[in-house]
Amino acid sequence: MHHFYYRDSELYVEDVPVLSLVKEYGTPLYIYSAQTIIDHYTRFETLLEPLDHLICYAVKANSNLWILKLLANQGSGFDLVSGGELYRVLRAGGDPKKCTFAGVGKTRSEIEEALRVGIYSFIVESEEELLTIDAIAKKLSIQAPVAFRINPDVQAATHAKITTGSEVNKFGIAFSQVSELFDKCSKLDGVFLKGIQIHIGSQIQQVEPFLQAIQKVLPLVEKARQKYGAEFLDIGGGIGIVYEQAIESGREDWWKERKESLTLAQYVESILPLVKPLGMRLLVEPGRVLVGNAGILVSQVLYVKKGGAKKFIIVDAAMNDLVRPAFYDAYHQIIPLREQLDPRMEVVDVVGPVCESSDCFAIDRLLPKVQAGEYLAIFSTGAYGFSMASNYNSRLKPAEVMVSGKTVKLIRKRESYQDLVALEEELT
Ligand SMILES: *Cc1c(COP(=O)(O)O)cnc(C)c1O
């Protein structure tokens with residue numbers, strides 16, 4: 001569910017026509033619906049009520065300060081993967097005591113920063129990292145909370161670049177090495193075992209891989225709790241969202257998600273019987289499922305070009321603004337801002353201006369006929385959209401706005417040419 005819909009053939013976000021935002025702020029433009037994020041968060045919260053739990057939003061999905069603040073105000077914790085993300089969360093008013101810090105390559109200074117602000121737990125991915133945290137904590141005369149990330153070696157049936165829980169991935173501690181590391185951990189004075197974590201991948205559409213992974217680590221979780229006093233199980237993020245037919249036009253029910261996907265309710269109902277008997281605190285680290293469908297990227301058509309074999313719609317957004325199609329072969333629904341109820345359709349490629357053949361938002365896509373000057377909305381771009389944006393081709397990163405009811409807030413200005421070179425100034 002989300003709050004993007006057509007009213008009188010015009011695309012709206014909550015109570016605001018998208019065209020009015022485009023006129024005010026230009027394109028390419030990321031637009032977020034605050035209510036959609038709140039709805040998703042609240043639903044997850046409510047479903048998890050039967051358990052002692054903590055939702056740690058995965059900051060890397062969308063790290064804009066205003067989105068972090070929105071979630072912090074809802075009571076959310078945060079899953080961090082860098083010192084920069086910790087800095088953002090603190091700036092946004094997030095509570096460090098509700099933060100986990102994951103990642104295979106934490107630096108010493110990142111570890112020290114996280115210890116000083118008192119995060120909830122490190123998620124440790126190797127023995128060397130454990131020893132490093134132990135040494136730094138001792139130097140600061142504190143005991144660092146750590147959770148082991150276990151690699152459960154399951155296949156998550158998602159894109160190869162976003163599967164993380166198989167033995168060949170760099171993530172987590174190999175299943176066979178965990179018991180030995182429990183033992184080592186218990187002998188170190190600077191750390192204590194607070195939990196166990198797994199995270200098997202992203203955009204996962206079935207519940208089975210999650211269940212398999214949990215089932216597989218349960219004996220180790222029991223051991224961690226009984227023998228070493230661990231208090232939480234963190235089952236990571238990875239819940240998939242609808243990308244195809246995120247919105248449908250020309251029908252009464254076009255705002256409803258059409259394609260079957262794993263719902264939050266199905267997810268929670270399936271995992272509860274496994275995790276509730278543990279009597280431990282449950283952590284989840286959702287990213288995409290909270291913010292993915294809460295954002296669109298609006299772009300203007302610059303040219304329509306008939307190539308030798310294809311027709312190209314050239315738009316003013318590019319892979320530097322949204323890299324998912326180029327990086328993950330990702331599908332994003334694309335629709336015009338003005339609904340065409342009886343559209344003349346044609347098969348086109350929607351491409352950006354960047355000098356790379358992979359700079360492509362859609363290939364052989366059936367779209368209503370559009371002309372230069374019209375606008376297209378690229379759907380489901382709230383997660384891994386702006387947060388993966390770059391300045392490639394010296395393009396300026398797009399502006400971001402957040403809409404709440406009738407209220408519009410510019411939450412990130414469009415970059416300027418000065419911004420582009422600000423850190424390279426003082427040529428002499
Ligand atoms: C990326 C990541 C997440 C969030 O994944 P989503 O698919 O966006 O839910 C959660 N935990 C860890 C450790 C991650 O790396």
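Residues of the stretch 42-62 being within 12 Å of the ligand (Cβ to nearest atom) and polar (S, T, N, Q), which ones?
Let us first name the residues in the stretch 42-62 that are within 12 Å of the ligand (Cβ to nearest atom), namely 44, 55-62.
Across the stretch 42-62, the qualifying residue is only N62.
Checking A383, A377 one by one, the residue that is small (G, A, S), more than 16 Å from the ligand (Cβ to nearest atom) and under 20 Å from V18 (Cβ atoms) is A377 and no other. Within the stretch 219-230, the presence of a residue that is open to solvent by less than 70 Å² (accessible area, probe 1.4 Å), closer than 18 Å to P273 by Cα and either under 26 Å from the mean Cα position of the chain (by Cα) or not assigned by TED's automatic domain parsing to the domain that holds P273 (or both) is excluded.
Taking V117, is it in contact (Cβ under 8 Å) with a residue 40 or more places away in the chain and among the hydrophobic types (A, V, I, L, M, F, W, C)? Before you say what the answer is, go through the steps one by one.
On the way: in contact (Cβ under 8 Å) with a residue 40 or more places away in the chain: no; among the hydrophobic types (A, V, I, L, M, F, W, C): yes.
It is false that V117 is in contact (Cβ under 8 Å) with a residue 40 or more places away in the chain and among the hydrophobic types (A, V, I, L, M, F, W, C).
For the stretch 73-108, taking the residues that are open to solvent by 20 Å² or more (accessible area, probe 1.4 Å) and hydrophobic (A, V, I, L, M, F, W, C), the one that is farthest from the ligand (Cβ to nearest atom) is identified as L90.
At least 1 residues being within 30 Å of N320 (Cβ to Cβ), in contact with a His (Cβ under 9 Å, 6 or more places away or on another chain) and free of Cβ contacts under 8 Å to residues at least 40 places away in the same chain is the threshold, and among the strands (runs of 3 or more DSSP E) wholly inside the stretch 1-58 those reaching it are 10-13. Checked against (1) over 23 Å from F44 (Cα atoms); (2) away from the ligand (no atom under 16 Å from the Cβ), P152 meets all criteria but (2). Evaluated against (1) of a type outside the set (K, R); (2) at pLDDT 95 or above; (3) within 16 Å of the ligand (Cβ to nearest atom), D316 falls short on exactly one condition, (3).
Considering only the stretch 267-274, I want to know if a residue exists there that is within 16 Å of the ligand (Cβ to nearest atom), in contact with a Cys (Cβ under 9 Å, 6 or more places away or on another chain) and over 28 Å from Y375 (Cα atoms).
At the first step, the residues of the stretch 267-274 found to be within 16 Å of the ligand (Cβ to nearest atom) are 267-268, 271.
Now restrict to residues that are in contact with a Cys (Cβ under 9 Å, 6 or more places away or on another chain): none.
No - not one qualifying residue is present in the stretch 267-274.
Pairs meeting the criteria (first residue in the stretch 274-286 and within 12 Å of G237 (Cα to Cα), second residue assigned to a helix (DSSP H, G or I) and within 16 Å of the ligand (Cβ to nearest atom), beta carbons under 7 Å, at least 6 apart or on different chains) are P286/F44.
The values are calculated or read from the model by the stated rules, or taken from the named source; none is laboratory data. Because the structure is a prediction, the values reported are computed rather than measured. Virtual Cβ from ideal backbone geometry, glycine too; neighbours counted across all protein chains shown. Please note that ligands, DNA and RNA were not included when accessible areas were found on the heavy atoms of the full protein model with its side chains. Shrake-Rupley method; radii C 1.70, N 1.55, O 1.52, S 1.80 Å.
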